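First the structure, in the form of structure tokens, and then the observations on it.
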């Protein structure tokens, strides 16, 4: 699976999603095709659940660690940058006239913000973090299930847990939306990524066969089916996430070769490396810095400035991503370690991992 391409395209889509929501005071702006584009780009967050399961399992196979060392490594890589960005966001929000309490800060630092409604608006994209933290905690158990019983049992069990949880939530009137999300609602997507990683290392030739136009068009069909379900069924939005994730993943598998021919691998690799920090930072930058200026001075000139400002934002995210990543590496990382996220070469045959 071309994970760098998937990650880079997904983060661009997510930033665009929140950028399109920028002039929310203008009721005529979000209409027609722009409204559709805003909805489509928002679905790309599901790619990150698949990529998380995919990348974690490949890293586990190729760089074995004890679970204690694995947890410490993940804390340095994921939690420390997150805590830094949360603190900076809290200071920025309060410095620009917003009044967020220390309870809000504590909710974010302890990964409980999904259960504290007043905290949501500080950074609405960070509903993802408590969910991914819960999935990380489940990862050792999921690996054991995968090793003992295989991908089918892992996916079947995950589906039962995910949809059982969603049904219970609906039955009790607590709709499982993003801001109040619990990790069980996305377990099946995470497990899908693990299953794909398993195939990529045990049957690389079979996995590479998926990188074909049929994968792209098949993924587009599944993605379209997911959209139809969300529109036609009252509860479709709560049950179609796996179809969205599967469709987008297949489209990336099929489209990866096209991007490779266009020599976009290096660009996508750089963007993918910065994608986590971009995800953490883009919302507060847009909401607390860009939006006030936009609403007051730029609403009539949006066509002229949109592309320029968007490009500047991406450039600033690259700079911030490098700075935060370098700080965390120098401060917390005892030794240089590299996560491996590329599948084995098909010509060399399958690789056995115990």
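The values are calculated or read from the model by the stated rules, or taken from the named source; none is laboratory data. Every value quoted in this text rests on a predicted model; they were computed, and no experiment measured them. As a convention, Cβ positions derive from the backbone with ideal geometry for all residues, glycine included, and neighbour counts pool all protein chains shown.
Table: residues versus (1) under 20 Å from residue 247 (Cβ atoms); (2) touching a helix residue (DSSP H, G or I) at 6+ places or on another chain (Cβ under 6 Å).
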| residue | (1), (2) |
| --- | --- |
| 147 | no, no |
| 151 | yes, yes |
| 155 | yes, yes |
| 160 | no, no |
| 163 | yes, no |
| 169 | no, no |
| 172 | no, no |
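Does residue 130 satisfy the condition of being free of Cβ contacts under 8 Å to residues at least 60 places away in the same chain, at negative phi, buried (at least 18 other Cβ atoms within 10 Å of the Cβ) and touching a helix residue (DSSP H, G or I) at 6+ places or on another chain (Cβ under 9 Å)?
yes
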### Message
Filter the stretch 147-175 down to the residues that are buried (at least 18 other Cβ atoms within 10 Å of the Cβ) and within 25 Å of residue 79 (Cβ to Cβ) and list them by number.
### Response
158, 162
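Looking only at the stretch 230-244, which residues are closer than 15 Å to residue 188 by Cβ and free of Cβ contacts under 8 Å to residues at least 60 places away in the same chain?
240, 243
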### Task
Could you tell me which of the residues 153, 145, 201, 141 is modelled with pLDDT under 90, more than 24 Å from residue 44 (Cβ to Cβ) and out of contact with any strand residue (DSSP E or B) (no Cβ under 7 Å at 6 or more places or on another chain)?
201
### Summary
Apart from one, (1) buried (at least 22 other Cβ atoms within 10 Å of the Cβ); (2) within 24 Å of residue 197 (Cα to Cα); (3) at pLDDT 90 or above all hold for residue 280; the odd one out is (2)
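Suppose we filter 236, 254, 247 for residues that are over 18 Å from the mean Cα position of the chain (by Cα) and at pLDDT 85 or above; which single one remains?
Going through 236, 254, 247 in turn, the sole match is 236.
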### Task
Hey, can you tell me all the residues within the stretch 94-122 that are more than 26 Å from the chain's Cα centre (by Cα), under 21 Å from residue 285 (Cβ atoms) and without any contact (Cβ under 8 Å) to a residue 12 or more places away in the chain?
94, 95, 97, 99
